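Visitor: Let me begin by handing over the structure; questions about it come next.
The values are calculated or read from the model by the stated rules, or taken from the named source; none is laboratory data. As the structure is a computational prediction, the values presented were derived from the model and not from experiment. Virtual Cβ from ideal backbone geometry, glycine too; neighbours counted across all protein chains shown. Ligands, DNA and RNA are stripped out before the accessible areas are found, and what is left, the full protein with its side chains, is counted by its heavy atoms. Shrake-Rupley method; radii C 1.70, N 1.55, O 1.52, S 1.80 Å.
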Amino acid sequence: MTPPSRVLTLDTTVTAADGAALATDVTVADDGRRHPVVLVRTPYGRASARAAHDAIGLARLGFAVVTQDVRGRWDSAGQFTPFRSERDDGARTVAWCANQPWSAGAVAMIGASYNGFTQWLALADRPAGLRVVAPAVAGPRIRSVAYEGGALQLGVFSSWTLGLGALGNNLDDDIRQAAIEALDTWPASLPRAEKTLAEISPEWQRWVRPAGSGGQPVAAGEDPWAEFDATPALDGAGTDVAGYHLAGWHDLFCENTIAGYSLLAGRDGRAAHRQRLVVGPWSHLSMLRRTTGQLDFGVAAMGDLNGLYEEQVGFLSAGLAGREVPHGVRVYVMGSNRWLDLEAWPPPAHETAFHLAADGRLERPVPQESGTDRYRHDPADPVPTNGGRTLHPVLPEAGPRDQRDVERRDDVLVYTGDVLGQDLTVLGEVRAHVVFESTAPVADVAVKLVDVHSDGTAMSVVDSVRRVEAPYGQASGEGTEVEVTVGSTAMTFRAGHRIRVEIASSNYPRFDLCPAGDQTVHRGGRAASRIVLPTYAGTPS
């Protein structure tokens, strides 16, 4: 038996366009051969990236593993401004990897969250050596880090920025200490943390200035997020670059990850054979685990027992070699707790509407009797975030959670359907149409889809928000229909369960707050406020 080659870790640098030295490690077998390259670019320290991706194990499998601190983090020179330099620095690093003596010339980028966003920005420059991307919980639209439905994702954007400051490298110690103290009392610390946030991320104020219903700045002609959107450069025409897209139904970047898969597959699906989408029942911090929030999704959800690790490595090998890659879509159907293989996402489905009705009922036919339900939104006492697609440093954790305490509030409207006589499986994007009016100039319509178990437990499935401005805020007596993209899911509502919808005007600290206002939801008759579920005709098993 031939003894395995030694594995070396080499310390080096990549020179950016402006001369900044980017600290880079190479982990590779000392066998004199050329190897396909796996690249991870991270703001969290290249040592942690080597450990997270088992660089030595990948090197023994024949890869050269390159880990790099992004500009201004850890041992890399320059100023760190989130996302600012990742496109050019990433593309230059890919080119550097492809031309080293230990490199076979083909490069794959891997990594999750910010490490995944670095892949999308580098790919936007289409560097010649880049053959594979494997972005987990990350997509091409960096704006989604900050905004959803026009509302600022205050929770994740503030806590992530403070977390970077608490890690501390390349920052003054007083900034680091201020970040730690702000995290320790978050979110109560937010009103006084603005200076610290701006010191950690110089563009903080420009990014979070008051935004309109599209999450865009008020100032005409200025969009500080446009340069961080890889979508225009990739244009939906498909690509030869193979992509392995890993997402979680309860992850805050779920929609963006799915959008990335669709973008690289192409508008007509011409490149779908080079793309793989896997979506499990996970949140951002519970990826590949069996439990998320308050639910146990079973052994089948575990990454080390369902073959996902092996599939990802096989995808990298095949993609780097130019061979056919595993493609198609694999989703975990919650409720039935089974994996389902599909040709594409979303699969064919019927649109099934459930209408808001009197006395808190949710009905299939449009109620003939029209009416209104009212509540008072008070930003001094907002509806608290209770699970969902969050990434907060405090409890409650992300994912599905019992909503009954939230539903007892006077500022939350609750509509519940009849007991289901048979299973109902929802696959695709859930949308709500709410006929709404407010006395405030700006208001949020927050919609939550809930699975009510036979014992009364009310587990959240998916939720989102839509921020609306005048003329929505001008009381008209009739209201204006607001469409809310509630989100994508794969969920079986079991026989004996009930479907529920919650409507409110706050979800804090997940989203920032709108002014106080008296809110009115119109239902029945011509209003026909409803939630539309894409119901699947096939079987999740």
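Visitor: Per the 1.4 Å probe, what fraction of the accessible area of the stretch 383-536, in percent, lies on carbon and sulfur atoms?
Guide: About 45 percent, which is the carbon plus sulfur part of the accessible surface.
Visitor: Roll a 1.4 Å probe over the protein chains and send me the accessible area per residue for the stretch 110-180 in Å².
Guide: Details: 1880 Å² over 71 residues.
For the stretch 110-180, the solvent-accessible area averages 26 Å² per residue.
Visitor: Next question. Would you kindly derive the ³J(HN,Hα) couplings of the stretch 110-117 from the backbone phi angles with the Karplus curve 6.51 cos²θ - 1.76 cosθ + 1.60 (θ = phi - 60°), listing them in order in whole Hz, with x for Gly and Pro?
Guide: Taking θ as phi minus 60°, the curve returns 9, x, 10, 6, 4, 4, x, 4 Hz for the stretch 110-117.
Visitor: Which percent, nearest 5, of DSSP beta bridges in the chain are antiparallel?
Guide: Taking every DSSP beta bridge within the chain, about 75 percent pair in antiparallel fashion.
Visitor: Taking θ = phi - 60°, what integer Hz values does the Karplus form 6.51 cos²θ - 1.76 cosθ + 1.60 yield along the stretch 8-24, in sequence order, with x for Gly and Pro?
Guide: 9, 10, 9, 8, 8, 9, 10, 8, 6, 4, 8, x, 5, 8, 9, 5, 9
Visitor: Additional query: Using modelled amide H (1.01 Å from N, peptide plane; none on Pro or chain starts), what sits under 5 Å from the amide H of Ser103, excluding residues fewer than 5 places away?
Guide: It is His35, by chain and number.
Visitor: While we're looking at this one, here's another question. How big is the Rg/Rh ratio for the stretch 444-535, C-alpha atoms only, Rh by Kirkwood, two decimals?
Guide: Working: Rg = 14.8 Å, Rh = 14.9 Å.
My calculation of the ratio gives 0.99.
Visitor: With the cut-off at 1.5 for a/c, could you classify the stretch 242-366 from its C-alpha gyration tensor as rounded, prolate or oblate?
Guide: Oblate.
Visitor: Determine by what factor the alpha-carbon radius of gyration of the chain differs from 2.2 N^0.38 Å, reporting the quotient.
Guide: Compactness ratio reported: 1.00.
Visitor: For the stretch 35-187, take the convex hull of the Cα atoms, compute a quarter of its surface area, and give me that in nm², please.
Guide: Over all viewing directions, the stretch 35-187 projects a mean Cα-hull area of 9.6 nm².
Visitor: Something else now. Where both partners of a DSSP beta bridge lie in the stretch 24-133, what percent of those bridges are antiparallel, to the nearest 5?
Guide: 25 percent
Visitor: Another question, if that's okay. How much of the accessible area of the stretch 218-351, in percent, comes from carbon and sulfur atoms when a 1.4 Å probe is used? Write down the numbers at each step before the final one.
Guide: Numbers: 2850 of 5440 Å².
In the stretch 218-351, the share of accessible area belonging to carbon and sulfur is 52 percent.
Visitor: Using modelled backbone amide H atoms (1.01 Å from N, in-plane), which distant-in-sequence or interchain residues come within less than 5 Å of His245's amide H?
Guide: Arg276, Leu277, Val278
Visitor: Quick one: work out the % antiparallel among DSSP beta bridges in the stretch 20-75, nearest 5.
Guide: The answer is about 40 percent antiparallel.
Visitor: While we're on this one: If ligands, DNA and RNA are left out, what is the accessible area of Asp444 with a 1.4 Å probe, given in Å² to the nearest 10?
Guide: 0 Å²
Visitor: What does the charge dipole of the chain about its Cα centre add up to, to the nearest 20 debye, if the Cβ of each Lys and Arg holds +1 and the Cβ of each Asp and Glu holds -1?
Guide: Charge dipole of the chain: 1120 debye, to the nearest 20.
Visitor: Another question, then. Using amide H atoms built 1.01 Å from N in the peptide plane, name the residues 5+ places from Asp423, or on other chains, whose amide H lies under 5 Å from its own.
Guide: Placed amide hydrogens put Ala495 under 5 Å from Asp423.
Visitor: Can you divide the C-alpha Rg of the stretch 387-497 by 2.2 N^0.38 Å and report the result to two decimal places?
Guide: 1.19
Visitor: Additional query: Go through the stretch 151-164 residue by residue and turn each phi into a ³J(HN,Hα) via Karplus (6.51, -1.76, 1.60, θ = phi - 60°); whole Hz please, and just put x for glycine and proline.
Guide: The phi angles translate into 9, 6, 6, 4, x, 5, 5, 6, 5, 5, 5, 5, x, 4 Hz.
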